Amino acid sequence: MEILDPKQWLPWLIRVRFAIISLLLAIQLILHQAALMQGLIVVQVPLPYFLSIIVFWFLLALIFQFLNRMKIDERLQATLQMVADSVMVSLVVYITGGVDSFFYFLFPVVILMGTVVLSRLGTYQLAALCFVEATLVLMLPFAGVVRSYSIEEPSLDALQFKIATNLAAFMAVAFLAGKLYDTLRRTDAELRDRAGQLEDLRALNQDIVESMRGGLITTDLDGRILLL
């Protein structure tokens, strides 16, 4: 796969966002229906709130698509999109149970997507923002500041362990994904450079052939004519 510039990744990022939002909606509706039919003990997600978040996220994605067509500064667009995605993921995780949510994996996904459109420093800043938001999602319900949607109230030790693992995981994703993407970009640049050198050699070879006074025939080992 060709490594694209960040501005070329933005349309791809918008399409991926639509796919992820649709997948979230489908997963939650399936879980809700399965819980009703099987009598399972799951997080009691308030569907009106959840659907409102999903609809608002869809609207944000449409706005981002409109901004991308207007050719607004790509760095500003990338920053706005990733910050908005991290906030929306926090809301989804909170409303689907906080510490018991199935959607915690979305935080690393946001960091991974940020790797291709943000700088290395920007990716670490995004990881730090995700960590702060994930911590608030855990601690605010525990402190009674907002309503808790988890199945059972976790202990303080369990929350502290969850926060520590979040910090390690988010920063590790930012570091490893950034290193991988930098390696891919360097490899792509080297391949482009070698392809340019090959084209120069081909052009030189063609110039030499065309400037010859005599004729030239080249064949392969089976006698098939390659150049006349």
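The values are calculated or read from the model by the stated rules, or taken from the named source; none is laboratory data. Quick caveat: nothing in here was measured; it's all calculated off a predicted structure. Here the Cβ positions follow ideal geometry from the backbone for every residue, glycine too, while neighbour counts run over all protein chains shown. With ligands, DNA and RNA removed, areas are computed over all heavy atoms of the protein, side chains included. Shrake-Rupley method; radii C 1.70, N 1.55, O 1.52, S 1.80 Å.
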- Keeping all protein chains in place, calculate the accessible area per residue for the chain (probe 1.4 angstrom), answer in Å². 62
- Under a 10 Å cutoff between Cα atoms, tell me which one of I21, I72, I54 has the largest fluctuation in the Gaussian network model of the chain. I72
- Message: Considering only protein heavy atoms and a probe of 1.4 Å, how much of the accessible area of region 100-181 is carbon and sulfur, as a whole percent?
- Response: 72
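Based on the inverse mean of 1/r over its pairs of different Cα atoms, what is the Kirkwood hydrodynamic radius of region 110-228, in Å?
For region 110-228, the Kirkwood estimate is 19.7 Å.
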- Note on the structure: Out of L51, L136, I14 - ranked by how far each Cα lies towards the positive end of the dipole of the chain, with unit charges on the beta-carbon of charged residues - the top one is L51
- For region 37-115, which trypsin sites (Lys or Arg not before Pro) are both in a DSSP coil and crowded by at most 13 other Cβ atoms within 10 Å? K71
- Placing each pseudo-label 7 Å from Cα in the direction of the beta carbon, D200 and V16 end up separated by a distance in nanometres of 3.5
- Message: Can you tell me which of T135, T123, T187 moves the most in a GNM of the chain? Springs connect C-alpha atoms under 10 Å apart.
- Response: T187
- Message: What does the extension gain come out to for L221 and F175, with contour length at 0.36 nm per residue minus their alpha carbon separation?
- Response: 11.4 nm
- Size of electric dipole in the chain: Cβ of Lys, Arg +1 and of Asp, Glu -1, about Cα centre, debye, nearest 20: 340
- Query: Of [x] 169; [y] 204; [z] 123, which one was derived for volume of the Cα convex hull per residue in Å³ from the structure shown?
  - Reply: [y]
- Task: Rounded to the nearest 500, what is the 222 nm mean residue ellipticity of the chain from helices alone, with -39500 (n - 2.57) per DSSP H run of 4+ residues and division by all residues?
- Result: -26000 deg cm²/dmol
- Query: Highest mean first, what order results for 9-19, 218-228, 104-114, 157-167 on Cβ atoms within 10 Å?
  - Reply: 104-114, 9-19, 157-167, 218-228
- Item | Most mobile listed residue (Q81, Q33, Q197) in the chain, GNM with C-alpha springs under 10 Å | Q197
